[in-house]
Amino acid sequence: MTRTASGARTWRAATEAALYGPHGFYRRPGGPGPAGHFRTSVHASSQYAAAVAELLRRVDEALARPPHLAFVDVGAGRGELTAGVLARVPEDVAARLRPYAVERAPRPAGLDPRVEWLAGLDAAPAGLTGLLFANEWLDNVPVDVAETDDEGTARRVLVRADGEEAPGPPVDGADAAWLARWWPLDGAPPGTRAEIGLPRDLAWAGAVRALGAGLAVAVDYAHEHGARPPLGTLTGFRDGREVRPVPDGSCDITAHVALDACAAAGSGDGPAPAPRTQREVLRALGVDGRRPPASLASSDPIGYIRALGAAGEAAELTDPAGLGGFGWLIQPVGPACAGLPAALAT
Ligand SMILES: C[S@@+](CC[C@H](N)C(=O)[O-])C[C@H]1O[C@@H](n2cnc3c(N)ncnc32)[C@H](O)[C@@H]1O
């Protein structure tokens, strides 16, 4: 939809321009990057990259050590996770590894030259074999917002660059079908909101298609059918603080992800995997938040302090009320990795 006379646009169009336009929040050259505005698991602890490297090792084994093993980091930020994984995989894996960072922002200076920087998944070689990993990517794929009016009709919400909203036309077409299937608003009181996740479903299905064989994983703030938040989750972040979402390029704009809908879209006609919690998966990958035994404090005080720090970081990554509550959508592509999701259950 084009702008109205007041300059209002749909949230999807406004977010697209605010985040990814020439001067958008993520594209601005020289900015601090995502790490300067919010803390993802990647920035919380190097144990996260170690866990992803362990997952990559398991994928490699399941694929019978292919001559070229891809690690595809989608929504790579400044390439921190790719660099961390590269530093942690065993030598025999590193020798065969083809690391790709897929990111709309420009390549950062100083990134390991082995990393291939791609502006989009369509630039990736066809039929990659390996692990595709998307940490907090889908929540930044712009979506429209619907809100019910006094008659109970779901209308698209329009927004101006200063963040002021106005009701738009009724939601129709494929977006209306998506709402009916995944986030029904029938009978909801006036003012009930929903984020229309169809663009994320399509983005995820496209990411899964980029793999010829292996495992595709999306990790994000998630909610599921039957427990969607009645006022939606659209919000902003700037300088480490949650702020009112204003689509003027000054802040990140994000909304939690209907990962169950993405799972269905990525599965085609096959069964869709149920998203799991980060706490559960990271524990299966060896991230352990337990404190070291007190006896270590006297036998090896420095080791004790180090182990205590590591346990604190692991506890942050697995905290059910924080990062540990994130959803992991683990989607095998082809038969070789079909058993991996069950092996990651604790
Ligand atoms: C919240 S940041 C996450 C960065 C990193 N994965 C992390 O966990 O620290 C989301 C990133 O996804 C990127 N992004 C969004 N849509 C994209 C797309 N279609 N293709 C590539 N990158 C995209 C943004 O530019 C941004 O850097």
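A few notes on this one:
- Residue in the range 206-244 that is surrounded by the most Cβ atoms within 10 Å (Cβ to Cβ), counting only those that are touching a Lys or Arg at 6+ places or on another chain (Cβ under 8 Å) and at positive phi: Gly232
Residues are listed down the side, and each one gets a yes or a no for (1) in contact (Cβ under 8 Å) with a residue 40 or more places away in the chain; (2) hydrophobic (A, V, I, L, M, F, W, C):
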residue: Ala64; (1), (2): yes, yes
residue: Gly77; (1), (2): yes, no
residue: Glu80; (1), (2): yes, no
residue: Leu111; (1), (2): no, yes
residue: Ala124; (1), (2): yes, yes
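- Taking the conditions (1) under 22 Å from the mean Cα position of the chain (by Cα); (2) more than 12 Å from the ligand (Cβ to nearest atom) in turn, Leu158 satisfies each one other than (1).
- Residue, surrounded by the most Cβ atoms within 10 Å (Cβ to Cβ), within the range 318-346, restricted to residues that are without any contact (Cβ under 8 Å) to a residue 12 or more places away in the chain and within 17 Å of Ala44 (Cα to Cα): Gly322
- Filter result for Gly191 (on the phi > 0 side of the Ramachandran plot and either surrounded by fewer than 21 Cβ atoms within 10 Å (Cβ to Cβ) or not in a loop (DSSP other than H, G, I, E, B) (or both)): yes
- Taken together, Asp144, Asp150, Asp122 contain a single residue that is surrounded by 14 or more Cβ atoms within 10 Å (Cβ to Cβ) and of a type in the set (D, E, K, R), which is Asp144.
Each reported figure results from applying straightforward, stated rules to the coordinates on display, with no laboratory input. These numbers were taken from a predicted model, which means no experiment stands behind them. Quick reminder, even Gly has a Cβ in these numbers, built from the backbone with ideal geometry, and neighbours come from all protein chains shown.
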